[in-house]
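Take a look at the structure below.
The values are calculated or read from the model by the stated rules, or taken from the named source; none is laboratory data. Since this is a predicted model, take the numbers as computed values, not measurements. Backbone-built Cβ (ideal geometry, glycine too); neighbour counts: all protein chains shown. Quick note on the areas: whole protein, heavy atoms, side chains included, nothing else; ligands and nucleic acids left out. Shrake-Rupley method; radii C 1.70, N 1.55, O 1.52, S 1.80 Å.
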Amino acid sequence: MTAQPGRTPHAVIVGSGIAGLLTALHAVEHGCRVTLVTKDVLEHANTRYAQGGIAGVMFDDDRADDHLHDTLVAGAGLSDPSAVRVLVDEGPARIRELIDLGVAFDRDDRGGFVKGLEAAHSYPRILHAGGDATGTAIERALVARLRSSAVTVIEHAFLVDLLTDGTRATGVELLVGETDASPGRRETLVGDAVVLATGGAGELYAHSTNPEVATGDGIAAAVRAGAARRQHHRIARKRLAAAG
């Protein structure tokens with residue numbers, strides 16, 4: 001992030017799922033001025049609809065290497081081992097952070113976390129909140145924390161494009177307030193850093209369990225701005241071939 005000396009840096013974050021909300025909270029905690037932009041209302045993101053639990057080595061008789069192994073096996077050769085290692089090693093700290101932010105994971109009569117065993121895991125390391133409402137519990141807790149912070153929120157704002165200076169993103173162009181009865185208005189938001197946390201593109205397919213906001217707008221804007229793209233299908237074929 002770059003900013004003029006003596007000026008508070010401004011971070012623009014697009015997306016209000018777990019990634020965008022946590023990034024906004026971290027940025028404001030570190031002294032940034034933060035604006036979070038979301039296509040619908042703040043609470044409407046893929047995170048809210050995630051029914052499964054969250055995996056991490058949170059128990060003394062579990063091991064990070066076992067979690068790593070289980071994840072790589074489940075990935076059938078498609079996973080990036082270095083990324084999985086980061087997930088496994090940093091996962092417990094991120095779960096504890098969610099707890100500190102108010103996420104109430106299910107506990108047993110003695111106050112310990114309820115262990116859940118799900119597909120591909122050799123150990124019951126899955127934590128749930130409200131049974132199958134884990135995503136909703138996470139979204140609700142983070143939104144509550146964000147609304148009590150200094151983060152500025154712009155709802156009903158569609159990401160039209162990224163602004164760049166030829167080498168880096170410098171802001172976003174938005175369509176704000178569009179409805180069936182109103183065309184909305186174009187707005188430009190300039191920032192010292194731009195974070196895309198817009199989620200995936202599930203709604204581009206005929207059948208999807210994603211909410212209707214998951215249409216890949218952030219991915220498309222990044223590609224138009226010149227973001228590097230990995231050819232995932234080629235990488236996947238190579239890894240499957242190497243796995244035999």
List the number of the failed condition for E139; all other conditions in (1) buried (at least 18 other Cβ atoms within 10 Å of the Cβ); (2) out of contact with any Asp or Glu (no Cβ under 7 Å at 6 or more places or on another chain); (3) charged (D, E, K, R) hold. (2)
Among (1) open to solvent by less than 30 Å² (accessible area, probe 1.4 Å); (2) assigned to a helix (DSSP H, G or I); (3) not basic (K, R), there is one condition V172 misses while meeting the rest; what is its number? (2)
I'd like to check something: does the range 175-192 contain any residue that is at pLDDT 95 or above, closer than 15 Å to S16 by Cα and open to solvent by less than 70 Å² (accessible area, probe 1.4 Å)? no
Residues (part of a loop (DSSP other than H, G, I, E, B) and surrounded by 14 or more Cβ atoms within 10 Å (Cβ to Cβ)) located in the range 150-167: V151, E155, H156
Residue tally, condition open to solvent by 30 Å² or more (accessible area, probe 1.4 Å) and outside any loop (DSSP other than H, G, I, E, B), over the range 193-216: 5
Which of the residues that make up the range 108-129 are surrounded by 14 or more Cβ atoms within 10 Å (Cβ to Cβ) and within 23 Å of the chain's Cα centre (by Cα)? G116, H121, R125, I126, L127, H128, A129
Flagged in the range 25-77 as open to solvent by 60 Å² or more (accessible area, probe 1.4 Å) and among the β-branched types (V, I, T), in numbering order, are V73
Pairs, first under 18 Å from T35 (Cα atoms) in the range 162-175, second of a type in the set (D, E) and open to solvent by 50 Å² or more (accessible area, probe 1.4 Å), C-beta under 6 Å, six or more apart: L174/E187
